[in-house]
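Below: one structure, written as structure tokens.
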Amino acid sequence: MATINLGAIKFNWKGAYNSGTSYAVDDVVSSGGNSYVCIQAHSNQAVGNATAYWNIMSSAGTNGTNGTNGTDVGTVITTQGDILYRDGSGLQRLPKGTAGQVLKMNSSANAPEYGTLSSDYVKIASADATGNPASIFFSDVFTSDYTTYKLFAESMYASASTHFNVRFTTTGTNEITSGYYMAGPFTYYNHATNASTNLSHRRHHNDGTFRFLEENAGTSQAYSTWSEFTIFNPRQSGEYKLANWRTSIRSSNNFHYTAEQHGYLAETSNVMNGIRIFPSAGVWNGGRWTLYGIK
């Protein structure tokens with residue numbers, strides 16, 4: 001009866017091939033990135049595929065050119081932030097995007113790319129009153145991605161009794177200071193007296209200003225607990241720029257108002273790219289402003 005060596009019922013890893021070593025059946029060695037199993041006991045018989053002494057167990061991959069036909073990705077992705085992906089011919093490098101961009105599929109739906117976030121309703125910019133600025137600028141934020149914009153203001157108040165104003169800007173901080181503006185109807189409700197007031201076709205100066213609040217300067221200081229300012233098609237050339245705002249106001253003498261106003265800027269020669277938010281007197285002592293785009 002044959003004797004079985006239970007310890008030999010397995011592959012025996014011997015490390016790198018050495019011509020001075022005697023090998024037994026099922027010994028395994030490595031050479032040139034491949035691995036080989038001994039099929040006949042011997043010594044000093046070179047490794048190779050399908051020889052009398054060795055069979056190949058696994059082969060090393062091929063180092064590709066630019067990663068197109070192998071596993072050498074080090075020649076493809078070279079910069080921190082790179083992403084590796086495969087196109088129709090092989091591995092390709094996608095360089096990192098810029099700050100604020102997102103990873104998305106291209107228009108052909110066959111490769112990734114970086115681009116600006118665009119959705120039906122997206123936050124575009126925000127600011128607060130840190131440092132008591134005289135103005136809040138959202139410059140160069142209106143793009144062709146959106147037709148309507150909403151500006152939300154919370155806990156907005158200035159260092160003096162004031163109007164809360166908005167003006168359009170063309171590029172950077174270049175604001176429009178002309179173009180007749182009419183706000184009408186202007187309606188507010190005084191919660192202290194339970195009375196409402198309608199001021200139809202209330203006119204402002206020809207300075208391109210949308211005013212959130214008409215308050216008699218020097219009589220009381222107003223705090224806007226919230227305001228919602230909607231801008232329609234600011235980049236539309238050749239047409240009036242329409243706007244609407246709603247607000248809740250509390251003055252320092254504890255009168256409470258809610259108000260709604262509609263208006264337009266009759267300046268049609270420029271495309272508007274941003275807005276400036278500023279008090280008519282003093283500086284901002286408080287407030288948070290957030291701008292959203294809507295398709």
Discussion item. Residue under question is L265, and the condition is that it be at pLDDT below 85 and closer than 28 Å to S178 by Cβ; does it hold?
Written reply: yes
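What is the residue count in the range 79-92 for residues that are within 20 Å of A109 (Cβ to Cβ) and among the charged types (D, E, K, R)? Spell out the reasoning first.
Step one: of the range 79-92, the residues within 20 Å of A109 (Cβ to Cβ) are 83-92.
If we keep only those that are among the charged types (D, E, K, R) too, we end up with 86-87.
The total comes to 2.
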Item to complete: Kindly provide the set of residues from the range 7-58 that are assigned to a strand (DSSP E or B) and basic (K, R), ordered by number.
Response: K14
Discussion item. Quick check on the range 27-38. Is at least one of its residues surrounded by fewer than 16 Cβ atoms within 10 Å (Cβ to Cβ), of a type in the set (D, E, K, R), farther than 30 Å from V141 by Cβ and at pLDDT 90 or above?
Written reply: no
Worksheet item: Can you name the residue in the range 112-148 that is modelled with pLDDT of 90 or more, loosely packed, with under 14 Cβ neighbours inside 10 Å and small (G, A, S) and is also nearest to F278 (Cα to Cα) among such residues?
Response: A134
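Any chance the range 146-154 includes a residue that's of a type in the set (V, I, T), more than 23 Å from the chain's Cα centre (by Cα) and either farther than 21 Å from Q261 by Cα or in the same structural domain as T247 (by TED's automatic domain parsing) (or both)?
Step one: of the range 146-154, the residues of a type in the set (V, I, T) are 147-148.
Applying the additional criterion that residues be more than 23 Å from the chain's Cα centre (by Cα) yields none.
No, the conditions are met nowhere in the range 146-154.
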Worksheet item: Do we have any residue at all in the range 114-123 that's out of contact with any Lys or Arg (no Cβ under 8 Å at 6 or more places or on another chain), without any contact (Cβ under 8 Å) to a residue 24 or more places away in the chain, part of a strand (DSSP E or B) and among the polar types (S, T, N, Q)?
Response: no
Item to complete: Residue by residue through the range 155-176, note down the ones that are more than 30 Å from the chain's Cα centre (by Cα), surrounded by 19 or more Cβ atoms within 10 Å (Cβ to Cβ) and of a type in the set (S, T, Y).
Response: S161, T162
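The values are calculated or read from the model by the stated rules, or taken from the named source; none is laboratory data. Note that this is a predicted model, so its numbers are computed, not measured. Don't worry about glycine lacking a Cβ; one is built from the backbone with ideal geometry, like all the others, and counts go over all protein chains shown.
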